[in-house]
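Visitor: Following this message is one structure expressed as structure tokens.
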Amino acid sequence: WVKGIETGVKDLPAVRTFVVGTAEWKESTEWPLPETRWTPFYLHEKGQLNEREHWSYEGYDSFADSPWNREQLLYATSPLVENTEIIGPIALKLYAATTDTDVHWIASLVEIDADGKQRMITKGWLKASHRELDLQRSKPWEPIHRHKKAEPLTPGKIYEFDIKLMPTGKLFKAGSRIALKISGVDDIPNNPLELIAAGSMKRSGVSRVTVFHDENYPSCLILPITRSEERRVGKE
């Protein structure tokens with residue numbers, strides 16, 4: 001652009017994304033990709049994550065977040081029976097309560113391989129007191145928050161939180177599992193790449209955070225599935 005040399009860059013597709021697990025690039029004129037199927041994976045009892053909707057009075061889980069006890073929750077699918085490709089924005093709809101007036105949400109999309117080894121793929125953050133959405137700009141799969149003012153939580157009250165995870169491109173291979181990790185602070189990174197955007201502020205107060213997942217409070221992870229072995233997503 002600076003030298004005025006014709007390089008052909010203006011003829012390139014508007015979108016070009018790298019898919020981890022395939023070592024391939026995908027090109028498109030639209031974002032999200034037109035073949036995307038927005039699929040809710042619901043949180044269930046016993047750490048399950050799947051497309052089945054909730055039963056009545058199914059339950060809830062809780063974790064401690066204190067200076068001496070930083071707990072977390074993990075929800076995972078069963079081992080995948082087919083290769084599953086995920087490309088695009090990701091959103092977590094969470095119904096939760098706390099014994100304090102705020103929560104520092106850290107939501108991570110994790111791959112668990114056939115040997116049980118975990119690898120963080122992408123993640124998102126939200127300070128619970130800044131949960132107000134910009135309704136004009138937000139989409140179900142990409143929440144955008146106003147960040148105009150802090151609104152402290154009422155201890156014990158159940159709130160709805162929409163958490164944006166950073167977009168990614170990833171092929172989850174058959175035999176692996178898709179997992180969601182919820183906590184109030186970043187994990188210690190396992191490799192230099194995970195240092196990116198790590199180091200969240202730890203809350204100094206003592207609290208217990210409860211995540212609800214039942215018929216009335218259907219917490220779910222919304223994933224952009226673009227391809228699987230047995231079906232081309234977006235076509236019936």
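Visitor: If we scan region 92-102, do we find a residue that is aromatic (Phe, Trp, Tyr), at pLDDT 95 or above, buried (at least 19 other Cβ atoms within 10 Å of the Cβ) and closer than 24 Å to Val15 by Cβ?
Guide: In the first step, residues of region 92-102 are kept if they are aromatic (Phe, Trp, Tyr); the result is 95.
In the following step, the residues that additionally are at pLDDT 95 or above were identified as 95.
If we keep only those that are buried (at least 19 other Cβ atoms within 10 Å of the Cβ) too, we end up with 95.
Imposing the further condition that a residue be closer than 24 Å to Val15 by Cβ reduces the set to none.
Looking through region 92-102, none of the residues is aromatic (Phe, Trp, Tyr), at pLDDT 95 or above, buried (at least 19 other Cβ atoms within 10 Å of the Cβ) and closer than 24 Å to Val15 by Cβ.
Visitor: Return a yes/no flag: does region 15-29 have any residue that is touching a residue at least 60 places away in the same chain (Cβ under 8 Å), aromatic (Phe, Trp, Tyr), over 14 Å from Asp214 (Cα atoms) and open to solvent by 40 Å² or more (accessible area, probe 1.4 Å).
Guide: Initially, region 15-29 is screened for residues touching a residue at least 60 places away in the same chain (Cβ under 8 Å), giving 17-22, 26.
From the residues that got through so far, the ones that are aromatic (Phe, Trp, Tyr) too are 18.
Still in the list and also over 14 Å from Asp214 (Cα atoms): 18.
This time we only want the ones that are open to solvent by 40 Å² or more (accessible area, probe 1.4 Å), so: 18.
Yes.
Visitor: Here are Phe41, Phe63: which of them is modelled with pLDDT of 95 or more, crowded, with 17+ Cβ neighbours inside 10 Å and farther than 25 Å from Glu142 by Cα?
Guide: Working: Phe41 fails: farther than 25 Å from Glu142 by Cα.
So the residue among Phe41, Phe63 that is modelled with pLDDT of 95 or more, crowded, with 17+ Cβ neighbours inside 10 Å and farther than 25 Å from Glu142 by Cα is Phe63.
Visitor: Looking at region 147-160, can you tell me whether even one residue there is closer than 16 Å to Ile222 by Cβ and either out of contact with any strand residue (DSSP E or B) (no Cβ under 7 Å at 6 or more places or on another chain) or buried (at least 17 other Cβ atoms within 10 Å of the Cβ) (or both)?
Guide: Checked against the condition, which is being closer than 16 Å to Ile222 by Cβ and either out of contact with any strand residue (DSSP E or B) (no Cβ under 7 Å at 6 or more places or on another chain) or buried (at least 17 other Cβ atoms within 10 Å of the Cβ) (or both), region 147-160 yields no hits at all.
The values are calculated or read from the model by the stated rules, or taken from the named source; none is laboratory data. Quick caveat, the model's predicted, so the values are computed rather than measured. For neighbour counting, all protein chains shown are included, and Cβ atoms are generated from backbone atoms with ideal geometry for every residue, glycine included. Areas reflect the complete protein model, heavy atoms only, side chains present, ligands, DNA and RNA absent. Shrake-Rupley method; radii C 1.70, N 1.55, O 1.52, S 1.80 Å.
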